[in-house]
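Beneath this line is the structure, given in structure tokens, with notes to follow.
Just so it is clear, none of the values below were taken in a lab; they were calculated from the coordinates. Keep in mind it's a predicted model, so treat the numbers as computed, not measured. Positions of Cβ are backbone-derived with ideal geometry, glycine not excepted, and every protein chain shown enters the neighbour counts.
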Amino acid sequence: MAVLCRPAVAVPENIITLEETLELASQLHRDHPQLPLALRLIENTGVRKRHLVQPIEEVLRHPGLETRSAVYQEQSRARVPEVVRRALANAELGPEQIDLIVYVSCTGFTMPSLTAWLINTMGFRPGTRQLPIAQLGCAAGGAAINRAHDYCTAYPDANVLLVTCEFCSLCYQPTDLDVGSLLSNGLFGDGIAAVVVRGRGGTGFRLEHNGSYLIPGTEEWISYAVRPTGFHFQLDRRVPGTMEPLAPVLRSVAEEHHWNVSKLDFYIVHAGGPRILDDLSRFLDVPPDAFRFSRATLTEYGNIASAVVLDALGRMFDEGSALESHRGLLAGFGPGITAEICLGTWTSDGEEPTDPGRPAALSAAVR
């Protein structure tokens, strides 16, 4: 059964603190009528610092879409390979043992995908399959895991490499002055993560069941307006309240697997903001500490889009609190409004657990 191994994560060296963000916003938007509200919202995110792929002076300069696209390609090629090497080492595999590469990014565009460059330069086989995911935003980390799970279900001996590369700072738009944009300017950070899903063996999160859900009528709540200056992020003020309709979905997906979502041993969820985590704690009836890994990612890195769930998972590995057969949930949320959800158990040997309370045939049927 497929096992999500230990992730590798890297953030750029350029740092901006909360205090610097607030001071910068006050200088740039001193005449904005809603500046006090924007500053209060930024401060309430809980983000203490963020990492940027360029110095803040370069981010603010905005030299245009063509230059930003060149920066995206240059920086992704410079930074992704080392993260990939660490993820492969964590899974005890070489590049020649990878059958599919899933590459996720919503903050830059290249064609062909970076997967082609990775295959050509890092020792992957020419027959390695490629699956770029570009338009699921922050939900794409969960989607990549689920598609890897599906692939390993179809091909049980396969190994899948997942790569998320998010340079959110390259989407900064100085002319976007609504409160949602000002909040986003203080919330999002840059980060890269990679992880291997092994079809056989491995230590980590054994993937057992997954599901997807789109809240009807919300496709415009998180979106990009694509203009000559690049991607303009659009955030509806109703987005923070989406956990109320999504919490029952998480509960339902768990019940499909004959689990109680309120009684799991660990939770790894996308930290889009503190209210997401607070609401999930309330609606799922779990203690706030259950989301400590996601909160730590938000505090130290900000919202790093699709890489959040992998960073939070890595923090759980670091803590060492997951024990054999512990049950857990991982979920990503993003445009659509879309939820990508997966359930599984912790394993140190990659073998399928024996559950005396569940017949083997049922266990196989709900994978």
Length gained when the stretch K263-D157 is fully extended (0.36 nm per residue, less Cα-Cα span): 35.0 nm
Can you tell me, using C-alpha contacts under 8 Å and at least 6 residues apart, the relative contact order of the range 210-305 as a whole percent? 22
Evaluate the relative contact order of the chain (contact order divided by residue number), counting alpha-carbon pairs under 8 angstrom at least 6 apart; express in whole percent. 25
Within the set H270, H29, H326, GNM on the chain using Cα springs under 10 Å gives the largest fluctuation to H29
Using a Gaussian network model of the chain with C-alpha springs under 10 Å, which one of R125, R79, R238 is most mobile by mean-square fluctuation? R238
Taking 0.36 nm per intervening residue step and subtracting the Cα-Cα distance, what contour gain separates Q34 from E66 on full extension? 8.3 nm
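Per-residue counts of other Cβ atoms within 10 Å, averaged by peptide: what ranking do you get for 208-217, 95-104, 334-343, highest first?
Numbers: 208-217: 16.5, 95-104: 20.8, 334-343: 24.6.
Most protected by this proxy first, the peptides run 334-343, 95-104, 208-217.
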Based solely on C-alpha atoms, express the radius of gyration and the Dmax of the range 1-147 in angstrom. 18.8, 58
On the formula 1/(1 + (r/R0)^6), with r taken between the Cβ atoms of V226 and Q130 and R0 of 30 Å, the FRET efficiency rounded to 0.05 is 0.80
Loop GluC sites (Glu not before Pro), the range 1-69 (other Cβ atoms within 10 Å of the site Cβ: 12 or fewer; DSSP): E13
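Would you compute, from DSSP H runs of 4+ residues alone, the mean residue ellipticity of the chain at 222 nm, taking -39500 (n - 2.57) per run and dividing by the full residue count, rounded to the nearest 500? Could the numbers behind the result be given before it?
On the way: 12 runs with 136 residues, N = 367.
Using -39500 (n - 2.57) per qualifying helix, the result is -11500 deg cm²/dmol.
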